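Read the figures in this text as sums done on the coordinates, not as results from a lab. This structure is a prediction, so every number in the text was calculated from the model and none was measured. Here the Cβ positions follow ideal geometry from the backbone for every residue, glycine too, while neighbour counts run over all protein chains shown.
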Amino acid sequence: MFRQRTLQQLSSRRHQSGTHRAFVGLDGFVDTIVTPVGLRRGAGDDFTPITTLTEFGQRIVAAAGKSTNIELYPRIDKLGGNGPIMANALLAAGAQVTYVGAVGVPTVHPVFANMAAHTRTIAICAAAQTTAIECGDGKIMLGQMRCLDEISYERICAVMGAAAFRAEIAAANLVALVNWTMIPNMTAIFTALTEQVLPEIAPAPERIFFFDLADPEKRSHEDLRAALTAIARFQPFGRVTLGLNLKEAQQVAAALGGAAVGDDESSLRVAATAIRRHLALDTVVIHPRESAVCATDAGTAWVPGPYTSQPLITTGAGDHFNAGFTTGQLLGLDPEACLTVGVSASGHYVRTGESPTLAIIETFLGNWL
């Protein structure tokens, strides 16, 4: 079984986790997780929630030409953004982490304080804000993110110093650059790295470059193709992994002129292979809610996920998958085991709201029914 094979690999290599260094960036959000109220009976949480996005959407559509009031009941304020969540998850798995991004200026925002205490954190600009409306079948992320316009290669160099930035990249075993969609200058940052930074540092064929687009629906196909081309230019400098959820895989496939992507195992294997070949990348990963697949030069691997119909939290699930998968890569696990660590990290997180250590992931795997 794939779980037993993963446990065997983890048990022999887990001791290596503290030796790996990760550079992660560049976004940062203060997430307010909310539940939409369907019927209020009394004060506080004495209400019946709107449980599906379909019902939520129907409330909005019914207000066309009129108006409506939808209460969003706050559950928690937490660290958010693809980068900070992934960084925290990598930290829990044992990596040494440097984080560069939108975490608050002139002082780091309190939601990032714990992360900053355990990583080297460099603040580029103020944190963005997200209201995450969570229902049982999905979520809507309402963002205020004008501050992310300030993130650029020039800004990073001005804050860190060009030499220090170059040194951090050179020292990293994993470079994870995420949330392309919401950072307007990210493609330019990719280009600066491949043209100005990476040619000036020592070659490291085993260095992993990880990219997460973060729902490019609001970006044009032209912009998306330009970003994918810029990502492909990292391949001569290491091992490039493009991580996609199902919707992102469908958007990438459409932008590249590929076939429609379904959520069944066969369709996912075909899509991951096609995207990888088109972009000439080392690895392409697609992770729907109930499974995950990756394509490498060895072929494809697929694993089911430990899906739960009653998650405690879903915002950040994909980022935990990404952290688990790349942790597996850093440890030298095979593709199937990397996927298994990824879905286990995500599965534990959505049930508990906590980023798991490798020991917890091993326990989760052992208890997976």
Being surrounded by 19 or more Cβ atoms within 10 Å (Cβ to Cβ), in contact (Cβ under 8 Å) with a residue 24 or more places away in the chain, within 13 Å of residue 27 (Cα to Cα) and touching a strand residue (DSSP E or B) at 6+ places or on another chain (Cβ under 6 Å) is true for just one of 128, 132. Which residue is that? 128
Conditions: (1) in a loop (DSSP other than H, G, I, E, B); (2) surrounded by 12 or more Cβ atoms within 10 Å (Cβ to Cβ). Residue 24 meets all but one. Number of the miss? (1)
Before we move on, is residue 122 closer than 23 Å to residue 206 by Cα, surrounded by fewer than 22 Cβ atoms within 10 Å (Cβ to Cβ) and of a type in the set (Val, Ile, Thr)? no
Could you list, in sequence order, all residues of the stretch 31-72 that are hydroxyl-bearing (Ser, Thr, Tyr) and closer than 30 Å to residue 117 by Cα? 32
Hey, among the residues in the stretch 154-188 that are within 22 Å of the chain's Cα centre (by Cα), among the β-branched types (Val, Ile, Thr) and surrounded by fewer than 21 Cβ atoms within 10 Å (Cβ to Cβ), which one's nearest to residue 119 (Cα to Cα)? 169
Take the stretch 228-262 and flag every residue that is part of a helix (DSSP H, G or I) and aliphatic (A, V, I, L, M). 228, 230, 231, 232, 246, 249, 252, 253, 254, 255
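Okay, residues lined up against (1) surrounded by 24 or more Cβ atoms within 10 Å (Cβ to Cβ); (2) within 25 Å of residue 231 (Cα to Cα):
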residue: 260; (1), (2): no, yes
residue: 292; (1), (2): yes, yes
residue: 311; (1), (2): no, no
residue: 326; (1), (2): yes, yes
residue: 338; (1), (2): yes, yes
residue: 343; (1), (2): yes, yes
Hey, among 116, 102, 132, which residue is within 15 Å of residue 32 (Cα to Cα), among the small types (Gly, Ala, Ser) and under 21 Å from the mean Cα position of the chain (by Cα)? 132
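For the structure I just gave you, tell me whether residue 191 is of a type in the set (Ser, Thr, Tyr) and surrounded by fewer than 20 Cβ atoms within 10 Å (Cβ to Cβ).
It is true that residue 191 is of a type in the set (Ser, Thr, Tyr) and surrounded by fewer than 20 Cβ atoms within 10 Å (Cβ to Cβ).
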Pick from the stretch 197-213, criterion without any contact (Cβ under 8 Å) to a residue 40 or more places away in the chain and not in a loop (DSSP other than H, G, I, E, B), ranking: nearest to residue 246 (Cα to Cα): 211
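Condition check ((1) over 16 Å from residue 312 (Cβ atoms); (2) not in a helix (DSSP H, G or I)) across all residues:
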{"position": "329", "(1), (2)": "yes, no"}
{"position": "343", "(1), (2)": "yes, no"}
{"position": "347", "(1), (2)": "no, no"}
{"position": "350", "(1), (2)": "no, no"}
{"position": "355", "(1), (2)": "no, yes"}
{"position": "363", "(1), (2)": "yes, no"}
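Filtering the stretch 214-227 down to residues that are touching a residue at least 24 places away in the same chain (Cβ under 8 Å) and assigned to a loop (DSSP other than H, G, I, E, B), which residue is surrounded by the most Cβ atoms within 10 Å (Cβ to Cβ)?
Among those residues, the one meeting the criterion is 214.
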